[in-house]
Amino acid sequence: MSLDQVLARIDADHDNALARLMELLRIHSISTDPAYKEECRKAADWLVADLKSLGIDASARPTPGHPMVVGHVDGDGPHLLFYGHYDVQPVDPLNLWDTPPFEPEIQDTPNGRVLRGRGASDDKGQLMTFVEACRAWKEVHGKLPCKITFFFEGEEESGSPSLIPFMKENAEELKADIALICDTSMVSPGVPSIASQLRGMLKDEFTITGPRIDLHSGHYGGPGLNPLREISRLIASFHDDTGRVAVDGFYDGVHEVPDELLRQWENCGFDEKTYLESVGYTQPHGEQGYSTLVQQWARPTLEINGIWGGYQGAGSKTVIPSQAHAKLTCRLVGDQDPDHLRRQIRAHVEARLSPDAKITWDNDSEGNPASVMNLDRPEFEAARQALSDEWDREAVFTGMGGSIPIAGFFKEILDLDAMLIGFANDDDAIHSPNEKYDLESFHKGTRSWARVLAALAG
């Protein structure tokens, strides 16, 4: 089947594709707010109708929350499962939007034309980028180049409470050869990227209790143990002077970046100076001996996300507080085990407690390991070459500093490797006012998916 004809069809249908995306963007599918339950249902029904227009057997499946959209189309070659989400973040604060968030608008900017509106990049625009590639294949050849299962979620922006139960209950139906995830971005503008690893997450929280009540600092200042000073000392012990985590066993399961992957990262167009200066930094402050990208993508972290206690009102209150509190998170890489790390961190703290300091740990701690993609699978190199052909520059296997839990769920529940390909840019303002999606990302992203489908079909 001719790929050139499919690409030409995408070019000719670009305006119509934009109109379809804008129609979807007008639906207020905010999943976290119960007031928008019917809007989420409306978005699911819109997608079902659009998939059915392509001859895809699709339906909106009920869950305790918002519907899952599932569609199937038969074909030759490999079986792909494509995942995206149709729900969006709330729009607050509304007064910071330059245009109404659910009235999408095409705008000219110094960096090119963009489509502005909530969900334009995260994730309706990305989802429809793939659907439009499938539309072009179907219109030109009457069928898709391979077998595809479409899986669209409606709760990604609100913690995905229905996702795991739904996947477990429908595991046989959702099984495929490989999963494709579009909820990601390019490492730099115009640099097509495939995420090769995602950092995992570990959360914990603890409270230090000293005296049974707040104490007068004139009566007990000196002999009294101050929980705020105690918790500050404990937190300071987590890192050495080079930025390395000083917890025994913390780096168990951490691997160095392979040379070929490191070469791609070094030549991916990442601008360290802009990255740092955009948030007010003059230099990186992480683990010494590693570049900024390696620190962000391939090294684990232990961060203090909150510390509080004592009097915080206006003026002064001369007390030694009874308690102090801290919240921690770790970003995990490689084969790090969150349960093992939690034990090691807790042991580190408890071994350093002062007499009369009592510790209470949060019983609702969470953790999930990193996701490391199997780059030995031939599909990854085939997709990388397809992206390189479209963007006329070498596509790169990147890392991601954050977590995309669905990739881990695909492996854990469905035993599916996942390939993450997206065309968002870092300045798309996802989750923020004035979200946008570059028209180049939408157009060339659609062409890219058409090429990837051809490459994976073989």
**OP:** Could you tell me whether Ala455 is modelled with pLDDT of 95 or more, among the aliphatic types (A, V, I, L, M) and on the phi < 0 side of the Ramachandran plot?
**Re:** yes
**OP:** Within segment 290-299, identify whether any single residue is touching a helix residue (DSSP H, G or I) at 6+ places or on another chain (Cβ under 7 Å), in a helix (DSSP H, G or I) and within 17 Å of Ile231 (Cα to Cα), and answer yes or no.
**Re:** no
Original post:
Quick one: would you say Leu375 is out of contact with any Cys (no Cβ under 6 Å at 6 or more places or on another chain), touching a residue at least 60 places away in the same chain (Cβ under 8 Å) and more than 18 Å from Ala195 (Cα to Cα)?
Top reply: no
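So that you can scan it fast, the table gives a plain yes or no per residue for (1) assigned by TED's automatic domain parsing to the domain that holds Asn170; (2) under 22 Å from the mean Cα position of the chain (by Cα); (3) within 30 Å of Pro145 (Cβ to Cβ):
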site	(1), (2), (3)
Asn16	yes, no, yes
Pro34	yes, no, no
Glu39	yes, no, no
Ala49	yes, no, yes
His66	yes, yes, no
Original post:
Applying the selection to segment 215-229, what residues are surrounded by 13 or more Cβ atoms within 10 Å (Cβ to Cβ) and either of a type in the set (Gly, Ala, Ser) or part of a helix (DSSP H, G or I) (or both)?
Top reply: Ser217, Tyr220, Gly221, Gly224, Pro227, Leu228, Arg229
Subject >> Answer from Glu260, Glu205, Glu230 - the residue that is touching a Phe, Trp or Tyr at 6+ places or on another chain (Cβ under 8 Å) and outside the structural domain of Phe410 (by TED's automatic domain parsing) >> reply: Glu205
Original post:
Within segment 414-424, can one find any residue that is buried (at least 23 other Cβ atoms within 10 Å of the Cβ), assigned to a loop (DSSP other than H, G, I, E, B) and in contact (Cβ under 8 Å) with a residue 24 or more places away in the chain?
Top reply: yes
Original post:
Which is in a helix (DSSP H, G or I), closer than 26 Å to Ile404 by Cα and not assigned by TED's automatic domain parsing to the domain that holds His239, of Leu375, Leu276, Leu341?
Top reply: Leu276
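Table: residues versus (1) surrounded by fewer than 21 Cβ atoms within 10 Å (Cβ to Cβ); (2) charged (D, E, K, R).
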| site | (1), (2) |
| --- | --- |
| Leu51 | no, no |
| Pro64 | yes, no |
| Asp74 | yes, yes |
| Tyr86 | no, no |
| Thr99 | yes, no |
| Phe102 | yes, no |
| Glu105 | yes, yes |
| Gly112 | yes, no |
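The values are calculated or read from the model by the stated rules, or taken from the named source; none is laboratory data. The shown structure was predicted, so the numbers you read here are calculated from the model rather than taken from an experiment. Counting neighbours? That spans all protein chains shown, and the Cβs are built from the backbone with ideal geometry, glycine included.
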